[in-house]
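Values quoted throughout were computed directly from the atomic coordinates according to the rules given, and no laboratory measurement underlies them. The shown structure was predicted, so the numbers you read here are calculated from the model rather than taken from an experiment. Every residue, glycine among them, receives a Cβ derived from its backbone with ideal geometry; neighbour counts consider all protein chains shown.
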Amino acid sequence: MATLDLIHSSNDSGIESTEAPTVYPKTGLPNTHYTDAVTWQEERDRVVAKTWAGLGFGADIHEPGCVYPVNFMGLPLLMVRDSEGVARVFHNVCSHRGMTLVAEKGSAGMVIRCPYHRWGYGLSGELKATPNIGGMGVHSIEGFDCSEHGLKEVRSEELMGIVFINLSGEAPALTEHLDPILTRWGSLAGQDFTGRLVSDTGPYGSMELSVESNYKLAIENYCESYHLPFVHPDLNTYSPLDEHYNLIVDPISSGQGTHVYDLTRGASTPLPVFANWDQSRVKTAEYLSLYPNVLLGIQADHFFAILLMPESPETTTERLQFLYSSEEALTDAYAERRQSLHEAWNLVFSEDVSVVEGMQRGRASPGFTGGVFSPLMDIPTAHFHGWFGERFANN
Ligand code: FES
Ligand SMILES: [Fe+2]
């Protein structure tokens, strides 16, 4: 690596070369942030809840009436597609006696029924039915106002195929929060690219990996390309380390990019590209860890998002969804290409599992206390530690 490119979204050109900045922490988060259950919950309340986190995919609730329960860091939540087609998130708990409302994903029709005493809620969370509340056959009772007992809603917005939540309700609007990324990728893929994204709900449209690791280690591994030649030898043959650059998209994200993404690699028919992609950068591809739990990848012919769903301090489910530039890309003509992309990325992300899990096992060692950062190669990782540590300490 010769020059290190540090890229700030606020810079007009988007690119600047610089020495490693000195503002990043010298060491990483201590081991308790990867192993300790109390710290894990504190992270949820002090860091994750205060920003926008990925909860699920729009494709999980693809039409009105779809429901999708998610246990998010110990909180039972429920994604719902309402009758207007808007993704909404509620606490997945009945207002009556606190029964978990929905246990399985699927379609609820127009009414979400509690399995205990059959109270019914509309898709916008309003309490609509209280069977037998006043005795058998008496479904209402004086003094009980249904409008006071609807489901409790969690602030949510949907963008780039992802349903995001802001548990505190106090973060800036999602588009404002994501503006550094939307501006950067808007100049690459066209300002309209988020509106063009089409989720692939077919057999090669998604994948899931269970990882015995804290969610933050997946963020940290994804944002750096330093490991590429050693962990991804096949990828390194067509996208070598010295063609990569570091990315800092302040303050919410860090990652890497490459100059040699090849749309035509392989024998299958190349996919259609984003309509307004910058043709002078057709080989540019970028990969960002969007803090605290989303991984994003953009190429001229496809986009993907990975949600890191923290199951416990030491286990995470990684959910990947592919999205394409148009409905045309989902036709049979490109089935082989979509399959080969799925296989290629499945190999890459499976290769990462062993190192992420190895770092997790290392967090049990008193011989490691946060480690050190290369002043060149670990800048994206150090940026994440700075972002996370500052919020954990001050919120
Ligand atoms: S707990 Fe849901 S209806 Fe009673
Ligand atoms: Fe990797």
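Couple of notes before you dig in:
- Test item: Cα-centred dipole of the chain, Lys/Arg +1 and Asp/Glu -1 on Cβ, debye: 880
- Two-site label geometry, Ile141 and Ala333: point separation in nm, points 7 Å out along Cα→Cβ: 6.3
- For segment 317-346 and segment 207-276, distance of Cα centres in Å: 16
- Among Glu311, Glu176, the ranking by other beta carbons within 10 Å of each residue's beta carbon, starting with the fewest, stands as Glu176, Glu311.
- Degrees, to the nearest 10: 179-189 long Cα axis against longest axis of the chain: 60
- In the frame of its principal axes, segment 279-395 has Cα extents of 54, 31, 28 Å, reported largest first.
- Couplings 3J(HN,Hα) for segment 208-223, derived from phi with the Karplus relation 6.51 cos²θ - 1.76 cosθ + 1.60 (θ = phi - 60°), are 9, 10, 9, 10, 8, 7, 5, 4, 5, 5, 5, 4, 5, 6, 5, 7 Hz, where x marks Gly and Pro.
- Estimated FRET transfer efficiency (Thr369, Ile133; beta-carbon r; R0 41 Å; 0.05): 0.10
- In summary, the chain shows an alpha-carbon radius of gyration equal to 1.05 times the 2.2 N^0.38 Å reference for compact globular proteins.
- In segment 252-395, a dipole from Cβ-located charges (positive for Lys and Arg, negative for Asp and Glu) runs towards its positive end, and of Gly257, Gly389, Thr317 it is Gly389 whose Cα lies farthest in that direction.
- Classified by the C-alpha gyration tensor, segment 52-99 has an oblate form. Its axis ratio a/c, with a ≥ b ≥ c, is 1.5 or above, and a/b does not exceed b/c.
- Computed from phi, the 3J(HN,Hα) profile of segment 251-259 under the Karplus parametrisation 6.51, -1.76, 1.60 (θ = phi - 60°) reads x, 9, 7, 8, x, 8, x, 9, 9 Hz, with x in place of Gly and Pro.
- Leading residue at positive end of dipole, segment 57-157 (Cβ point charges), from Phe144, Gly74, Tyr121: Gly74
- Per-residue Cβ neighbour rank within 10 angstrom, fewest leading, Leu75, Leu167, Leu55, Leu347: Leu347, Leu75, Leu167, Leu55
- Taking Val356, Val93 and counting other C-beta atoms within 10 Å, the order from fewest to most: Val93, Val356
- Whole-percent pair-distance distribution, where bins are 10 Å wide, for the alpha carbons of segment 57-157: 17, 50, 26, 7, 0
- Rounded to the nearest 500, the 222 nm mean residue ellipticity of the chain from helices alone is -6500 deg cm²/dmol, with -39,500 (n - 2.57) taken per DSSP H run of at least 4 residues.
- FRET efficiency, Gln41 to Ala275 (Cβ-Cβ, R0 35 Å, nearest 0.05): 0.20
- Distance in nm between pseudo-label sites at Lys283 and Ser107 (7 Å out along the Cβ direction from Cα): 4.8
- Close amide H partners of Gly150, meaning residues 5 or more places away or on another chain with modelled amide H under 5 Å apart, are Leu127.
- Unit charges on C-beta of K, R, D, E only; dipole of segment 187-288, Debye: 240
- Distance from segment 58-94 to segment 361-389 (C-alpha centre basis), Å: 35
- Alpha-carbon gyration tensor eigenvalues x 5, square-rooted, for segment 200-251, Å: 22, 18, 14
- The residue list Ile219, Ala173, Val38 was ranked by how far each Cα lies along the charge dipole of the chain toward its positive end, using unit charges on Cβ atoms, and Val38 comes out on top.
- For the chain, Cys66, Cys146, Cys223 have no disulfide-compatible partner, since no other Cys C-beta lies under 4.7 Å from theirs.
- All Cα-Cα separations within segment 250-333 were binned at 10 Å from zero, giving a P(r) of 16, 40, 31, 12, 1, each value a whole percent of the pairs.
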